[in-house]
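Computed from the coordinates by the stated procedures, all read-outs in this text should not be read as laboratory data. These numbers come from a predicted model, not from an experiment. Here the Cβ is made from the backbone with ideal geometry for all residues, glycine too, and neighbour counts use every protein chain on show.
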Amino acid sequence: LTVLGIETSCDETAAAVVRLDGTGEHRILSNTIYSQIHEHETYGGVVPEIAARSHIQVLDSLTQQAMTEAGIDWHDLSAIAATAGPGLIGGVIVGLMTAKSIAMATNKPLLAINHLEGHALTARLTDDVPFPYLLLLVSGGHTQFLLVKAVGDYERLGTTIDDAIGEAFDKTAKLLGLPYPGGPAVERAAQKGNPSRFKLPRPLLDRPGLDMSFAGLKTAVRTAALKEEPVDEDTVNDLCAAFQAAVADVIGHRTERAFDVFRQRYPQVQPTMVIAGGVAANNAIRQRLQETADQSEARLIAPPHKLCTDNAAMIAWAGIERLRLSRDEDPTALSGNGIDDDMDESPRPRWPLDQLSQSVYGSGK
Ligand code: ATP
Ligand code: MG
Ligand code: FE
């Protein structure tokens, strides 16, 4: 199985080819990406119209490049997979329509992939990770704990009730005058700071369940900064250190509880947690998660950074997982049983992962 993947749901335009051969060996044949960061940085955040236009401008040549680097021809493809949501609708339209055109012109099946499913399955592309496992998705747009039970079978265990973590990093950076994207800037400043000069809250930790909140933390940074006027460099560093420590603490505590939930559900299985999303690049957070996993005798898996953030290899791979599923059920068919998608599949701005089993895999799963 050889699948072309296309990803355009946010501010990265990406195309990739992934192959799974008969022995179960899988390989990324190409993985091209164009980051729009510089087009958005003057605005301090992603501007949807600029993003959509930029996707249109680069996607064709990027797709061609992915095919050339993979060294394959259109007729070598088993299917075309593209992100069909959730995401910024203009970008999703560009990617999905491009994939439909290629699918139509080459007479190959189309796979309309949920972007979050791409993140959820990436670890199986890079590591040997059997189902079930936990996923912590921490990016600019998402902060959630998911239980990944099988391809197409996901349960959301907890989520942020307000800002995503990446968003909180970005907003904190902005209010402290640090550059966009905020995550790396805050992490650099935090390395030079003292985390105990400012006392920041640990929102929601007293509540049961796995939900989180980060908006209050960002507001607490603003309040502390206002009291310090003028805010000098040391103060910025100390505020960043305190903020990052608070985030790591909240995530650490929630992860501990996630392992408990997993153990209740699957007493025989050693818990594994996979992390994905741009925030997974943060070393303080990674370290805290590793400590938590060690204490809980659980396994922590962090795919390479390039595959944690938005990319098209994860979309192609999610497509392969779906094709493989249908092939295992009916060895004579690549398609059939509703696992590949119709040309009338529409782009979706919102598409929660736990609704996937009905919308894509049929209600039988
Ligand atoms: P989504 O994938 O949810 O649609 P996105 O495109 O914003 O959203 P990613 O590209 O995966 O998500 O990640 C970008 C986010 O990760 C940004 O908010 C950025 O600030 C954050 N980030 C990147 N590096 C770090 C870091 N070292 N520490 C903390 N946050 C980081
Ligand atoms: Mg991004
Ligand atoms: Fe993403």
Q. Can you list the residues, at least 5 places off or on another chain, whose amide H is less than 5 Å from the amide H of Gly158, using H built in the peptide plane?
A. Phe145
Q: Mind checking the stretch 9-60 for GluC sites (Glu not before Pro) that DSSP puts in a loop (not H, G, I, E or B) and that have at most 13 other Cβ atoms within 10 Å?
A: Glu25
Q: Note the full-extension length gain between Leu205 and Asp234 as 0.36 nm times their separation in residues minus their Cα-Cα distance, in nm to one decimal.
A: 7.6 nm
Q. If you add up the charges near Ile275, with Lys and Arg at +1 and Asp and Glu at -1, over every other residue whose beta carbon is less than 13 angstrom from its beta carbon, what do you get?
A. +3
Q | Net charge contributed by nearby residues that have their C-beta within less than 10 Å of Leu88 (K/R +1, D/E -1) | A | -2
Q | FRET efficiency estimate (nearest 0.05) - Cβ-Cβ, Ile37 to Arg299, R0 45 angstrom | A | 0.90
(Q) Under a crude label model (7 Å from the Cα following the beta-carbon direction), how far is Thr23 from Glu291 in nanometres? (A) 4.3 nm
**Q.** Test item: Cα-centred dipole of the chain, Lys/Arg +1 and Asp/Glu -1 on Cβ, debye
**A.** 680 debye
Q: Multiply the residue separation of Arg188 and Arg263 by 0.36 nm, subtract the distance between their alpha-carbon atoms, and state the gained length in nm to one decimal.
A: 23.4 nm
Q) Measuring from the lowest to the highest alpha carbon on each principal axis, how far does the stretch 172-228 reach, largest first, in angstroms? A) 35, 25, 18
**Q.** Calculated SAXS-style log₁₀ I(q)/I(0) at q = 0.10, 0.13 Å⁻¹ - the chain, Debye, Cα scatterers
**A.** -0.62, -1.02
Q: Mind ranking 60-67, 278-285 by how tightly packed they are, going by the mean number of other C-beta atoms within 10 angstrom, highest first?
A: 278-285, 60-67
Q | Model label zone, Ile50; criterion: amide N under 16 Å from point 7 Å along Cα-to-beta-carbon; scope the stretch 10-37 | A | 10-13, 35-37
**Q.** Loop-located trypsin sites (Lys or Arg not before Pro) in the stretch 172-205 whose Cβ has at most 13 other Cβ within 10 Å (DSSP)
**A.** Lys192, Lys199
Q: Apply the Karplus parameterisation 6.51 cos²θ - 1.76 cosθ + 1.60, with θ equal to phi minus 60°, to every residue of the stretch 274-284 and state each ³J(HN,Hα) to the nearest whole Hz, in sequence, with x for glycine and proline.
A: 9, 10, 8, x, x, 5, 4, 6, 6, 5, 5
Q) Which ³J(HN,Hα) values in Hz, rounded to whole numbers, follow from the phi angles of the stretch 106-111 under the Karplus curve 6.51 cos²θ - 1.76 cosθ + 1.60, where θ = phi - 60° and Gly and Pro get x? A) 9, 6, 10, x, 9, 10
Q.
Tell me the mean residue ellipticity at 222 nm calculated for the chain from its helices only (DSSP H runs of n ≥ 4, each -39500 (n - 2.57), averaged over every residue, nearest 500).
A. -14000 deg cm²/dmol
Q) Which percent, to the nearest 5, of DSSP beta bridges fully inside the stretch 55-207 are antiparallel? A) 70 percent
Q. Once both labels are modelled 7 Å past Cα along the beta-carbon direction, what's the Asp344-Ser61 spacing in nm?
A. 3.8 nm
Q. In a shell of Cβ-Cβ distance under 11 Å around Arg197, excluding Arg197 itself, what net charge do Lys and Arg (+1) and Asp and Glu (-1) give?
A. -2
